[in-house]
Amino acid sequence: MAQDSCNNTINNNFDDLHKPLNLQQAIAESGRCLYCYDAPCIQACPTSIDIPTFIHQIRSENTIGAANTILTQNIMGGTCARVCPTEVLCEEACVLNTSIDQPIEIGLLQRHAVDHLMKNSKQHPFERAKNTGKSVAVVGAGPAGLACAHRASMLGHDVTVYEAKEKSGGLNEYGLAAYKMVDDFAQNETDFIMDLGGIKVIHNQRLGDNLNLENLQNNYDAIFIGVGLSSTWSLDLDNEDTEGVLDAVDFIESIRQTKDKSQVEVGNDVIVIGAGNTAIDAAVQAKRLGAENVTLVYRRGEEQMSATSWEVNLARTNGVSIKLWSAPKCIIADEHVAQMEFVKTKTKEGKLVETNFTYTLEADMVLKAIGQKLELDDLNGIDVERGKIVVDENYQSSIEGVFAGGDAIDCGEDLTVQAVEDGKQAAHAINSFLGGDS
Amino acid sequence: MDIRSKPSLKCNVAGIESINPFWLASAPPTDKYINVVRAFEAGWGGVVWKTLGEDPAVVNVSSRYGVHKNRGNIVGINNIELISDRPLQTNLDEIIRVRKEWPDRVIIGSMMAVIEERAWKELAVKIAETGVQGIELNLGCPHGMCERGMGSAIGQVPEMVEKVTRWVKEVVDIPVFTKLTPNITNILWSAEAAQKGGCDAVALINTVNSITSVDLDLMAPTPTVGDQGTHGGYCGAAVKPIALNMVAEITRNHDTKDLNISAIGGIETWKDAAEFIALGAVGLQVCTAAMLYGFRIVDDMIAGLTGWMEEKGYQTIEDFRGKAVGNTVDWNNLDMNFDTKALIDQDSCIECGRCHIACEDTSHQAITFDVADNGKRIFTVIDDECVGCNLCQIVCPVPECIDMVPVDNGLEYMNWTNNPLNPMNN
């Protein structure tokens, strides 16, 4: 019994981080929206969702209409409502975000509308245009790939998606913190997107492995590459392959793919190296799995952390201790990792330098979250610069007819919402390339 | 040292002394002993007992109230309830009991009958014998009773208003209030008729005929009774502007300006109360606000009105009663050369753009929209285009961000009556 209740506690730790609004709360919150003209929140949204209109529609009890307004611009409005760093996007731009008021809870309202549609509407909200007879191959069934596939299919093209993993969804399925994507939302959303029709997904197909770009070029009229960043940077330290030293993305994936979270292995003294949202997701989830001490270590200061301040606070309120200005020096291990040594850093003439001071932390688990990178070997022939696929203003790569988007290209922040926008815009570019109206 | 005493809310309505001007109107809140006692315990100065008719008592239907909401807030409700559905003697006995237990409070007996002299006179005498301080004639109910020749069926015909008022005045020696319906073309015709009939006061407005909403599933107006509905009497905050105007019509009309007015219509706060008094009302009646929040709302009506009077230096209600009447004029008397312009305070502007789009789409294209180099959205009034309509100020969500500033254009006062464009001046 005691064990059961402990397991329940762990699973409860992975409940919805932000509880959804009920109808009464949604109506009340929508009533606060000023319905701004040419609203700043629209401009702050990478997918340009007409936020004042959809909130007005919630207020008028046209919730399905509100969802349609959102999904017209962003077919993954459901995921974005859950994971967007709204505090640095729409909600930061909200005119009520002043010292005497609070911004509208745009993310929660968006979730309210999209969830309502996905739950209650029997019919997919969009229709396909007349079939063009053209075919498009999409590589990667993550946010960029699925957004591209959905829009390309809407425009009348037949789409085949090739996905390296067993399931569709990309980071939505494998990479986001579990408490942001409860109740198998990524798969539900994928199913919802597929309901449009005209899209076929083939899983376990990896570029450079059992999938070949040249073959795709021969068999399809256009190609979209949305493979994301599938490999990770290493610390370049000895003992990095010791048991207990993991990539944070693999740790997060194992949490996402395990239904009973109490079955996920976690250390007692966990060190997370990195300062992005992945590092925060890993640290907070490690804590919620029951780790006694979780320490997030970053070689620079808090201002340089790429995680939003909201995420950093989430880590702190979950009991994660954050150590700044510390660079990994060595991994002390026997068969299993035991300790890590860090050297204190500082900036000197604008450059990060190490000091003489070092310290050691106990560790039975080390999670590396120092960034992901593009798998270059798979992209024979495509121009790559600074680790990203080079595309022109129409999302076309150096090879004619091969387009790209999402984290694989250098287009602002590596955010789900940006990937969706890339996929959508690339689909329009592909449509023009194939002779359609853009 | 300030030796002034606290302002007094005591008032005299048509000869009836009341500890304060706040009475509950004839309606469900004044239906029976328990409600009225609770109201007096809460501090209300008086009640107009729910309208009594001759036996047999009417039968009310279920459901009874419909609601009109905006952004979740109630702007008004309507009702399809009839007069008291309890036996006449039950009501009379309870009135006697409350009068005895609460001697310093006012009870007015409201009544309604068919258009027969005998009916009005007999019922009026029975009610007067309970010791009520006055009688109110319900000539306004716009649903149900009017279909039986009562309520607004009488109130809409000035001759009948006069006749009924006279009948009752002939048999009772206490003040008679004639309650007027707003569902007419000109309130003065009814007020003057009541005056001719000898009333001591007019009470207005009764409810406004209305359908608050249509249930789009049932395809029936609300409130629904089974799968049907009917029109009902609209009341609450939404009808206050209609009531204010009708009160002012009477107080600024030469023949009726001295009529005692017991004002009714959307009074929810002390401010509403002060506005009606400023337009000349001697007493006030409240219903909807009490139905929505309970009798306790009278606390703030009393405290708020007292506090405001103290701040303004008014010792009694008479000190400010009717003070806005003189400034309420016909359009013809407004200064056509007065000029005011909107001024936007850039520091408190939160850049929502509501003023711009309201003016651009629906008014005079007098507010420009520019984006500064730093991204700040700047809205600026073009004085030459601004007609001073107030719309931008009305839609602005920030208090005092948009000010309407009178400008000195050097022109003398001129209204339509002395304007050369007026054909009457040629």
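Laboratory data are not the source of any read-out in this text; all were calculated from the coordinates shown. These numbers come from a predicted model, not from an experiment. When we count neighbours, we look across all protein chains shown, and the Cβ atoms used for this are built from the backbone with ideal geometry, even at glycine.
For B:Val106, the amide hydrogen comes within under 5 Å of the amide hydrogens of B:Gly46, B:Val47, counting only partners 5 or more places away or on other chains and with H modelled in the peptide plane.
Rounded to the nearest 0.05, what FRET efficiency do B:Lys271 and A:Glu87 have when you use their Cβ-Cβ distance and R0 = 51 Å?
Working: r = 39 Å, r/R0 = 0.77.
E between B:Lys271 and A:Glu87, to the nearest 0.05, is 0.85.
Here segment A:295-334 and segment B:97-157 have alpha carbon centers that stand 79 Å from each other. For chain A, the longest principal axis of the alpha carbon atoms and the long axis of helix A:2-12 meet at an angle near 50°. The label-point distance for A:Asp183 and B:Val225, in a model that sets each label 7 Å from Cα toward Cβ, rounds to 4.3 nm. What range in chain A is the longest one free of trypsin sites (Lys or Arg not before Pro) that are in a loop by DSSP and have at most 10 other Cβ atoms within 10 angstrom? Longest run free of exposed loop sites: A:131-258. Label-to-label distance, A:Thr347 versus A:Glu385, with points set 7 angstrom from Cα along the beta-carbon direction: 2.6 nm. Model label sites at B:Asn60 and B:Glu101, defined 7 Å from Cα along the beta-carbon direction, differ in position by 2.0 nm. With 32 Å as the limit, the listed pairs A:Lys346/A:Lys373; A:Lys180/A:Lys323; A:Lys167/A:Lys344 have A:Lys167/A:Lys344 beyond it between alpha carbons.
The angle separating the long axis of helix A:416-433 from the principal Cα axis of greatest extent in chain A is about 40 degrees. Hey, quick one: spin label on A:Ser135, modelled 7 Å out along Cα-Cβ, who in segment A:414-428 has an amide N within reach, i.e. under 17 Å? Under 17 Å, as judged by backbone N against the label point of A:Ser135, lies no residue of segment A:414-428. The string of couplings for segment A:288-293 from the Karplus curve (6.51, -1.76, 1.60, θ = phi - 60°) is 5, 7, x, 4, 6, 10 Hz, one whole number per residue in order, with x for Gly and Pro. Once backbone amide H atoms are built at 1.01 Å from N, A:Val245 has A:Val337, A:Val366 as its partners under 5 Å, excluding neighbours fewer than 5 places away on the same chain. On the basis of the beta-carbon distance and an R0 of 41 Å, A:Lys19 and B:Lys10 show a calculated FRET efficiency of 0.15. Peptide A:25-36 is shielded by partner chain Cβ atoms: per residue, an average of 3 of them sit within 10 Å of its Cβ.
Students often get this wrong, so check it: of A:Lys19/A:Lys119; A:Lys261/A:Lys368; B:Lys50/B:Lys196; A:Lys130/A:Lys388, which have C-alpha atoms separated by over 28 Å?
Working: A:Lys19/A:Lys119 17 Å; A:Lys261/A:Lys368 21 Å; B:Lys50/B:Lys196 26 Å; A:Lys130/A:Lys388 35 Å.
Beyond 28 Å between Cα atoms: A:Lys130/A:Lys388.
Summing charges over all other residues whose Cβ lies under 14 Å from the Cβ of B:His254, with Lys and Arg as +1 and Asp and Glu as -1, gives -3. Between segment B:52-78 and segment B:336-394, the C-alpha centres lie 43 angstrom from each other. Two tests apply to each whole DSSP H helix in chain B, Cα reach of 15 Å or more along its axis and mean Kyte-Doolittle hydropathy of at least 0.5, and the ones passing both are B:240-251. Once the Cα atoms of helix A:143-154 and of chain A are each reduced to a long axis, what angle between those two axes, in degrees from 0 to 90 to the nearest 10, is obtained? Taking the Cα atoms of chain A, the angle to A:143-154 is about 10 degrees. Using alpha carbon centroids, what distance separates segment A:129-200 and segment A:396-426, in Å? Comparing the Cα centres of segment A:129-200 and segment A:396-426, I get a distance of 15 Å. Remark: the A:Ser398-A:Lys323 segment gains 22.7 nm on full extension, using 0.36 nm per residue and subtracting the alpha carbon distance.
Which net charge results for the neighbourhood of B:Thr51, defined as the other residues with beta-carbon distances under 11 angstrom from its beta-carbon, given Lys and Arg at +1 and Asp and Glu at -1? Each step should come with its number before you reach the end.
Working: positive: B:Lys50, B:Lys179; negative: B:Asp31, B:Glu81, B:Asp85, B:Glu136.
So the environment of B:Thr51 carries a net charge of -2.
Given an 8 Å cut-off on Cα distances and at least 6 residues of separation, report the relative contact order of chain B as a percent.
Numbers: 899 pairs, mean separation 58.7, N = 426.
That works out to 14 percent.
For B:Glu116 and B:Asp93, what does the FRET efficiency come to when R0 = 22 Å and r is the distance between their Cβ atoms, rounded to the nearest 0.05? Could the numbers behind the result be given before it?
Details: r = 25 Å, r/R0 = 1.15.
That pair, B:Glu116 with B:Asp93, gives E of 0.30.
Using a 4.7 Å Cβ-Cβ cutoff, the cysteines of chain B lacking any partner cysteine are B:Cys11, B:Cys141, B:Cys146, B:Cys199, B:Cys235, B:Cys287, B:Cys349, B:Cys359, B:Cys386, B:Cys389, B:Cys396, B:Cys401.
Ranked by the mean number of other Cβ atoms within 10 Å per residue, highest first, peptides B:209-218, B:196-205 order as B:196-205, B:209-218. Close Lys pairs in segment B:251-371, defined as Cα atoms under 23 Å apart and 8 or more places apart or on different chains, number 5. Taking 16 Å as the straight-line reach from the Cα of B:Lys376, none of the lysines fall in range once those fewer than 8 positions away in the same chain are excluded.
When a/c is below 1.5 the answer is rounded, else prolate if a/b is larger than b/c, else oblate, so apply that to segment A:232-371 with a ≥ b ≥ c taken from the square roots of the Cα gyration tensor eigenvalues. All intermediate terms of the calculation are to be shown ahead of the outcome.
Values: a/c = 1.88, a/b = 1.29, b/c = 1.46.
Because a/c hits 1.5 or more and a/b fails to exceed b/c, segment A:232-371 counts as oblate.
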